[in-house]
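This report concerns only the one structure given below.
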Amino acid sequence: LHSLKDAVVAGKKKDAANKAAAAKDWAAACKPKPGEAVVDVIDVDADLKALTTASSLIGATNPVMLFSASGDKFAVKAVVPKDMCGTLKANEWLNVALEG
């Protein structure tokens with residue numbers, strides 16, 4: 001039983017590491033101009049931590065909205081750089097996107 005639990009934990013850690021790597025790979029390939037909005041879908045099985053990782057890597061200079069889906073669930077992450085918060089708020093941007 002103990003080895004089964006260890007195998008499940010190891011599998012979850014490997015899955016999380018793979019999703020984080022996919023998020024980092026996406027961010028490395030994404031080359032927006034400073035201030036340019038980025039809206040994209042990332043294949044990380046609706047993992048919000050992976051979306052957070054990806055958005056944090058370019059979100060300091062660019063507004064970012066990322067989506068991911070897996071089966072019947074989805075995750076979305078929106079980030080707006082602090083210097084743009086006066087003109088664009090992440091929650092308002094996200095609400096408009098989800099209504100449309």
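Just so you know, all these numbers are worked out from the coordinates, no wet-lab data involved. Computed from a prediction, not measured in an experiment: that's the story for all the values here. Positions of Cβ are generated from backbone atoms using ideal geometry, with glycine treated the same way; all protein chains shown enter the neighbour counts.
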Could you state the principal axis extents of the C-alpha atoms in the stretch 57-100, from the largest down, to the nearest angstrom? 36, 24, 10
Can you list the lysines whose alpha carbon sits under 17 Å from that of residue 19, skipping same-chain ones fewer than 8 residues off? 49, 73, 77
Let me spell out the model: positive unit charges on the Cβ of Lys and Arg, negative unit charges on the Cβ of Asp and Glu, origin at the Cα centre of the chain. What dipole size does that give, in debye rounded to 20? 360
Using helices alone, I'd like the mean residue ellipticity at 222 nm for the chain: each DSSP H run of four-plus residues gives -39500 (n - 2.57), total over residue count, nearest 500. -16500 deg cm²/dmol
Report, to one decimal in Å, the Kirkwood hydrodynamic radius for the stretch 21-60 based on all distinct Cα pairs. 10.4
Please list 3J(HN,Hα) in residue order for the stretch 83-92, calculated via the Karplus relation 6.51 cos²θ - 1.76 cosθ + 1.60 where θ = phi - 60°; whole Hz, with x for glycine and proline. 6, 10, 4, x, 10, 9, 10, 4, 5, 5
Hits among aspartates and glutamates - C-alpha to C-alpha of residue 24 under 13 Å, sequence gap 8 or more where chains match: 43
Given R₀ = 25 Å, what would the calculated FRET efficiency be for residue 2 paired with residue 72, taking r from the Cβ atoms and rounding to 0.05? 0.15
Summing Lys, Arg as +1 and Asp, Glu as -1, what charge do residues with Cβ under 14 Å from the Cβ of residue 23 carry, residue 23 excluded? -2
What whole-number volume per residue, in cubic angstrom, does the convex hull of the C-alpha atoms of the stretch 1-72 give? 79
